[in-house]
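What follows is a single structure, written as structure tokens, with notes after it.
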Amino acid sequence: MEKIIIPSRLQMLIGGEWVDANNKDSLSVINPANAQEITTVPLAAKEDIDIAVDSAQQAFENDTLTPAERGQLLHKVADLLERDKEYLMHLESLDNGKPFDKAAYDVDSCIHHFRYYAGWTTKIHGDQIPVSSPNKLVYTRKEPLGVVGLIVPWNFPLMMSVWKVAPALACGNTCILKPAEQTPLTALHLGKLIMEAGFPKGYFNVVTGTGAITGEAITRHQKVAKISFTGSTDVGKKIMVAAAESNLKKVSLELGGKSPNIVFDDADIDQVIESVVWSSFYNSGQECTLGSRLYIHEKVYDQVLKGLIDKTSQLSIGKGIDSPDLGPLISETQMNRVLNYIELGKKEAKLEFGGHRLEGDLKEGYFVSPTIFSHQNDDLKIVQEEIFGPVVVVSSFKDEEEIIQRANHSIFGLAAALWTKDVSKAHRVAHQIQSGTVWINGYDMFDPSVPFGGYKQSGNGREMGKSAIDLYTQEKAVWLSL
């Protein structure tokens, strides 16, 4: 594909129209590979959100789409995503820094999600319930919530949007999507595709801006029935407070993680070493599920650690558009945050590999070397806090009882993995790990049909699968005296 040309100024989608912010304020969108401006987008304020919500509310109240028609429209969006796949990969790579070839996985996931939820539109139904009272007919209905606010992060901008958009639309809701201020480009193009597919005006809106201004206005809006948020635990807590203080709107949250990746001594070590570099550093460590706490049985500790270091030393790092193994971090702010954790780690633990910003040809961008620390103290900040960068902390353990306790010693509970050939041990340990997902002899396995979400301070609610239908509907009981 030829080099894409992005206009120097983009607009946001409100009520089926492409518009600027009322006050004409805008934000720069920066390429993290070279710190250069790609384009500008509107900075939506409260008055813009009022217009977007009113438009979405009107579309919801006037909605005449049948479930089958909604399903057809969702299939059409999937078709358009397939058509524009390479273009979306370019946008994601420029905007987020994601390696171009790996952006293909994100777009493919989006296509699968739209097709999966297109199949759900005609299968969302209630039940008839036999009750003890005579001559009574009781049934339930699954009804859409209304206007839903969808707030997504910058690490998987398109994919995280679609994880929310596809089930929300399938259930008959109208949407206000706010992408992260750093990465709005693919969300805006998704808006174009949803309009092209034939959804009515106002059904789907994309507003751009900051969390403090735009996100706050959505979260506190009286006519927004639900907020679905993916991001940090600290911001998730603020959203819950704002939702409670406004209209007690429903909230679902997918938040931070510090996932344990546990290697037992009977594991297939070659398979482990092949996987562990990616479960530690994929997306330059900017993924909440990554196994950033790596625990290795003492009998194979030296072997696995050496393998991890060897594999890490072979990773290529560069501009995402060139399809390296790892790209830049999203912003200068995030890079400095990660570098501060690395400096702390040098004082707290043993640096095994990396631990610095990359210079040379990459000095203009936000590049940090993949970094490995070893330790034996789970209370260290670099072990307990989510760094969200290419940093993994490695430790040894002796037995099953010890590792279960250590794995659960965290405020987070998003994901975990364990490696063993012992089937009984695999299930026994998986059942005791406090996390919403546990992978056995693999990592980062996802499917649109499988629920995903966290325990503890990693959030509430489950995205994907049938569980997402519950997130975007409410149940009504109807009684009839015969």
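The values are calculated or read from the model by the stated rules, or taken from the named source; none is laboratory data. Please read all numbers here as calculations on a predicted model, not as lab measurements. All Cβ positions, even for glycine, are placed from backbone atoms using ideal geometry, and neighbour counts span all protein chains on display. Remember, those area values only see protein heavy atoms, side chains included, never the ligands or the DNA or RNA. Shrake-Rupley method; radii C 1.70, N 1.55, O 1.52, S 1.80 Å.
Restricting the search to strands (runs of 3 or more DSSP E) fully inside the stretch 409-482 and requiring at least 3 residues that are small (Gly, Ala, Ser) gives 415-419.
Taking the criterion of being open to solvent by less than 40 Å² (accessible area, probe 1.4 Å) and either among the small types (Gly, Ala, Ser) or not in a loop (DSSP other than H, G, I, E, B) (or both), the residues of the stretch 310-338 that qualify are THR312, GLY318, GLY320, LEU326, GLY327, SER331, GLN334, MET335, VAL338. Applying the selection to the stretch 77-108, what residues are of a type in the set (A, V, I, L, M), farther than 26 Å from GLY172 by Cβ and either surrounded by fewer than 17 Cβ atoms within 10 Å (Cβ to Cβ) or without any contact (Cβ under 8 Å) to a residue 60 or more places away in the chain (or both)? Result: MET89, ALA104. The one condition from (1) over 25 Å from HIS221 (Cβ atoms); (2) of a type outside the set (Lys, Arg); (3) open to solvent by less than 60 Å² (accessible area, probe 1.4 Å); (4) part of a strand (DSSP E or B) that GLU37 does not meet is (3).
One line per residue, one yes/no per condition, for (1) modelled with pLDDT of 95 or more; (2) touching a helix residue (DSSP H, G or I) at 6+ places or on another chain (Cβ under 6 Å); (3) farther than 14 Å from VAL165 by Cα:
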site: GLN57; (1), (2), (3): yes, no, yes
site: ARG70; (1), (2), (3): yes, yes, no
site: VAL77; (1), (2), (3): yes, yes, no
site: MET89; (1), (2), (3): yes, yes, yes
site: SER109; (1), (2), (3): yes, yes, no
site: TYR116; (1), (2), (3): yes, no, no
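Flag set for GLU216, criterion: over 24 Å from VAL450 (Cα atoms) and outside any loop (DSSP other than H, G, I, E, B).
Where residues in the stretch 177-205 are hydroxyl-bearing (Ser, Thr, Tyr) and part of a loop (DSSP other than H, G, I, E, B), which of them is farthest from ARG9 (Cα to Cα)?
Taking the stretch 177-205 and keeping what is hydroxyl-bearing (Ser, Thr, Tyr), we get 183, 186, 203.
Checking the rest, the ones that are also part of a loop (DSSP other than H, G, I, E, B) come to 183, 203.
Working: THR183: 14, TYR203: 24 Å.
Checking each candidate, the answer is TYR203.
Specify which of the listed residues (VAL235, VAL277, VAL251) is under 30 Å from GLY318 (Cα atoms), surrounded by fewer than 24 Cβ atoms within 10 Å (Cβ to Cβ) and among the β-branched types (Val, Ile, Thr).
Values: VAL235 fails: under 30 Å from GLY318 (Cα atoms); VAL251 fails: under 30 Å from GLY318 (Cα atoms).
Of the residues listed, the single one that is under 30 Å from GLY318 (Cα atoms), surrounded by fewer than 24 Cβ atoms within 10 Å (Cβ to Cβ) and among the β-branched types (Val, Ile, Thr) is VAL277.
Residues in the stretch 395-439 that are open to solvent by 60 Å² or more (accessible area, probe 1.4 Å), more than 23 Å from PHE373 (Cα to Cα) and not acidic (Asp, Glu): LYS421, VAL423, SER424, HIS427, ARG428, HIS431, GLN432, GLN434.
Which residue is farthest from THR122 (Cα to Cα), if the candidates are limited to the stretch 51-76 and must be touching a Pro at 6+ places or on another chain (Cβ under 9 Å) and open to solvent by 30 Å² or more (accessible area, probe 1.4 Å)? Before the answer, list the steps.
Residues of the stretch 51-76 touching a Pro at 6+ places or on another chain (Cβ under 9 Å): 59-60, 62-65.
Add one more test, that the residue is open to solvent by 30 Å² or more (accessible area, probe 1.4 Å), and what stays is 60, 62-65.
On the way: PHE60: 18, ASN62: 20, ASP63: 16, THR64: 15, LEU65: 12 Å.
Among them, the one singled out is ASN62.
Scanning the stretch 342-375 for residues that are open to solvent by 80 Å² or more (accessible area, probe 1.4 Å), of a type outside the set (Lys, Arg) and more than 26 Å from THR233 (Cβ to Cβ) turns up HIS356, GLU359, ASP361, GLU364.
Applying a threshold of 7 Å to beta carbon distances and a minimum spacing of six or more residues, or different chains, the list of pairs starting in the stretch 348-366 at a residue that is free of Cβ contacts under 8 Å to residues at least 40 places away in the same chain and under 18 Å from GLN314 (Cβ atoms) and ending at one that is assigned to a strand (DSSP E or B) and of a type in the set (Val, Ile, Thr) reads GLY355/THR371.
Which one is nearest to TYR301 (Cα to Cα), of the residues in the stretch 376-394 that are in contact with a Leu (Cβ under 8 Å, 6 or more places away or on another chain) and buried (at least 18 other Cβ atoms within 10 Å of the Cβ)? Lay out the reasoning, then the answer.
As a first pass, look at the stretch 376-394 and keep what is in contact with a Leu (Cβ under 8 Å, 6 or more places away or on another chain): 381-382, 389-390, 392-394.
With the extra rule that they be buried (at least 18 other Cβ atoms within 10 Å of the Cβ), the set shrinks to 382, 389-390, 392-394.
Numbers: ILE382: 20, GLY389: 23, PRO390: 21, VAL392: 15, VAL393: 13, VAL394: 9 Å.
Looking at the filtered set, the residue picked out is VAL394.
Cβ-Cβ contacts under 7 Å between residues 6 or more apart (or on different chains), taken from a first residue in the stretch 424-453 that is within 14 Å of ASN261 (Cβ to Cβ) and hydroxyl-bearing (Ser, Thr, Tyr) to a second residue that is open to solvent by less than 60 Å² (accessible area, probe 1.4 Å) and at pLDDT below 95, are absent. Entry remark, the stretch 470-482: residues being surrounded by 17 or more Cβ atoms within 10 Å (Cβ to Cβ) and either in contact with a strand residue (DSSP E or B) (Cβ under 7 Å, 6 or more places away or on another chain) or touching a residue at least 12 places away in the same chain (Cβ under 8 Å) (or both) number 3 in total.
In the stretch 123-149, which residue that is small (Gly, Ala, Ser) and in a loop (DSSP other than H, G, I, E, B) is most open to solvent (accessible area, probe 1.4 Å)? Outline the logic, then answer.
Filtering the stretch 123-149 down to residues small (Gly, Ala, Ser) leaves 126, 132-133, 146, 149.
In the following step, the residues that additionally are in a loop (DSSP other than H, G, I, E, B) were identified as 126, 132-133, 146.
Working: GLY126: 23, SER132: 121, SER133: 49, GLY146: 4 Å².
Of everything passing the filter in the stretch 123-149, SER132 is most open to solvent (accessible area, probe 1.4 Å).
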